[in-house]
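Enquirer: The structure follows.
The values are calculated or read from the model by the stated rules, or taken from the named source; none is laboratory data. Keep in mind that this is a model prediction, so the values were computed, not measured. So basically every Cβ, Gly included, is an ideal-geometry build from the backbone, and we count neighbours across all protein chains shown. For the accessible areas, the whole protein counts, side chains as well, though only heavy atoms, and no ligand, DNA or RNA atoms are used. Shrake-Rupley method; radii C 1.70, N 1.55, O 1.52, S 1.80 Å.
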Amino acid sequence: MSGKDELVGIRTAALGKVQAAESSAQLDEIDTQYLGRKGELTLQLRRIGSLSQDERKDFGQSVNDIKAELSEAIAQRRQALDAGESKAKLAAEAVDVTLPGRFYQTGRPHILIETIEKIKRIFIGLGYEFVETPEIEDYKYNFEALNYPPEHPAMDEQMSFYINDDVLLRTHTTAYQHRVMPYRKPPMRVATIGKTYRYENVDATHGHTFHQVDCFAIDHDISLTDLKGTIQQFAVEMFGMDVNVRFRPDFFPFVEPGAEFAVTCFLCKGEGCGVCKGSGWLELGGAGLIHPNILEKAGIDSEEYTGFAFGFGIERMPMLEHGIKDLRLFMENDLRFLRQL
Ligand code: PHE
């Protein structure tokens, strides 16, 4: 076979391989095989010495032409492969921005916790210190120290959860008073917030477990005006509007005088609506000036000091605000309910 024919064969084979190459690495191999220092075309050049003077130029030219052509073919194929590879890579990494996002469930505080935190913040802002006292309480603190006469109906077993004759689940947070008063010196402003229990027939508006907040202040010259102003300031901050406070006489053994208190309905601003049953007022809780007996029992001179106390339920506030009709929902922890708030 003449040198020329052999060259044509090498060229055809090499270009064929380039077209068939599927990767950059394969192209590198072809490059080395034909164009490298010991490559087939390079070796062809070495044959020049054995050719006649006439043939040399022509042959050398052909080899160089084929080398250039092959080089170019390899470069082109490499480019085509690269483009294909990055296209494939892009396709594999593609993100569909039209897909709907994933929904992650997040937790949040229970509505009662939120209400409690808000109430606490307000009273702390008014200078009250919050204390915690037992939910399983001595009869002594829950009733006796609070001036309850021995036959008061609240102490009835039908009304309270007794654990034994001396211990019961506290029926009101007011039980904290004598756990605190004897151990401090006036002036004092103390509050507590937490669970209370009553032996109730459970229905939409009566629960066996509910929450209350209780506050008291003792100082020189404390009067009903201070009590009214404190409740008013609380209501302004709680309900975010100007409110009036209304007292109506009521009896609690540990206050004298005693009152139930109401604030302007925050929904209708006192005009009268379904929530306040047309009255313009929302009943919140009980209040009064601390009975002198209570102060004396705590070792506080009732001639020198006076004080006020008040307490109210927590559940009522979110019930009014969100139109919740059933008290039981708060303690059942049904997410279908809680997620709505
Ligand atoms: N403890 C009373 C109740 O449970 C509320 C109250 C607290 C009344 C403080 C007067 C003073 O209804």
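Enquirer: Give or take rounding to whole Å, what are the principal axis extents of the alpha carbon atoms in the chain, in descending order?
Expert: 138, 45, 40
Enquirer: Follow-up. Check the cysteines of the chain one by one and keep only those with no other cysteine Cβ under 4.7 Å from their own.
Expert: CYS215
Enquirer: Something else: What does the C-alpha gyration tensor say about the overall shape of segment 256-341? Classify as rounded when a/c is under 1.5, otherwise prolate if a/b is larger than b/c, or oblate. Please report the intermediate quantities before stating the final value.
Expert: Working: a/c = 4.46, a/b = 1.86, b/c = 2.39.
Here segment 256-341 falls in the oblate category.
Enquirer: Now for a different question. Along the Cα→Cβ direction, 7 angstrom out, place labels at GLU117 and TYR183. What is the inter-label distance in nm?
Expert: 2.8 nm
Enquirer: Run the simple label-point estimate for MET159 and GLU135 please: 7 Å along Cα→C-beta, distance reported in nm.
Expert: The two pseudo-label positions are separated by 2.2 nm.
Enquirer: Using a Förster distance of 56 angstrom, determine the FRET efficiency expected from the C-beta separation of ASP5 and ALA88, and round it to 0.05. Write down the numbers at each step before the final one.
Expert: Numbers: r = 41 Å, r/R0 = 0.72.
Efficiency, from the Cβ-Cβ distance: 0.85.
Enquirer: Using the heavy atoms of the protein chains and a 1.4 angstrom probe, tell me the accessible area per residue for segment 253-341 in square angstrom.
Expert: 48 Å²
Enquirer: If you don't mind, another one. Order these peptides, 325-331, 187-193, 50-56, by their mean beta-carbon neighbour count within 10 angstrom, highest first.
Expert: Ranked by mean Cβ neighbours within 10 Å, highest first: 187-193, 325-331, 50-56.
Enquirer: Compute the convex hull volume of the Cα atoms of segment 115-199, divide it by the residue count, and report the result per residue in Å³ as a whole number. Walk me through the numbers before you get to the answer.
Expert: Numbers: hull volume 8.4 nm³, N = 85.
It is 99 Å³ per residue.
Enquirer: Could you work out the helix-only [θ] at 222 nm for the chain, with each DSSP H run of four or more residues adding -39,500 (n - 2.57) and the total divided by the number of residues, to the nearest 500 deg cm²/dmol?
Expert: -12500 deg cm²/dmol
Enquirer: What does the extension gain come out to for LEU81 and HIS152, with contour length at 0.36 nm per residue minus their alpha carbon separation? Intermediate results must be reported in sequence, preceding the final value.
Expert: Numbers: separation 71, 0.36 × 71 = 25.56 nm, distance 9.54 nm.
So the extension gain works out to 16.0 nm.
Enquirer: FRET efficiency for SER23 and GLN53, Cβ-Cβ distance as r, R0 = 41 Å, nearest 0.05?
Expert: FRET efficiency, SER23 to GLN53: 0.40.
Enquirer: Further question: Filter the chymotrypsin sites (Phe, Trp or Tyr not before Pro) in segment 218-276 down to the DSSP loop ones having no more than 15 other Cβ atoms within 10 Å, then list what survives. Don't skip to the answer; put the middle values down first.
Expert: Values: sites: PHE234, PHE239, PHE247, PHE251, PHE254, PHE261, PHE266; in loops: PHE251, PHE254, PHE266.
Those that pass, being in a loop and sparsely packed, are PHE251.
Enquirer: Still on this structure, I have one more. Could you work out what % of the accessible surface of the chain is carbon and sulfur, using a 1.4 angstrom probe and leaving DNA, RNA and ligands out of the count?
Expert: Values: 9950 of 19520 Å².
Carbon and sulfur: 51 percent of the exposed surface of the chain.
Enquirer: Also: From largest accessible area down, sort PHE216, PHE103; use a 1.4 Å probe on the protein chains.
Expert: Correct descending sequence by accessible area is PHE103, PHE216.
Enquirer: Taking the 0 to 90 degree range and rounding to the nearest ten, how far is the long axis of helix 3-20 tilted relative to the main principal axis of the chain, both from C-alpha atoms?
Expert: Orientation of helix 3-20: about 10 degrees from the principal axis.
Enquirer: Something else: So if I take the centroid of the Cα atoms in segment 88-124 and the same for segment 162-197, what is the distance between those two points in Å?
Expert: 39 Å
Enquirer: Keeping all protein chains in place, calculate the accessible area per residue for segment 3-92 (probe 1.4 angstrom), answer in Å². Walk me through the numbers before you get to the answer.
Expert: On the way: 5730 Å² over 90 residues.
I get 64 Å² per residue for this part.
Enquirer: R0 = 56 Å: FRET efficiency of ASN333 with GLU256, Cβ-based, nearest 0.05?
Expert: Step by step, r from the Cβ atoms, then E = 0.85.
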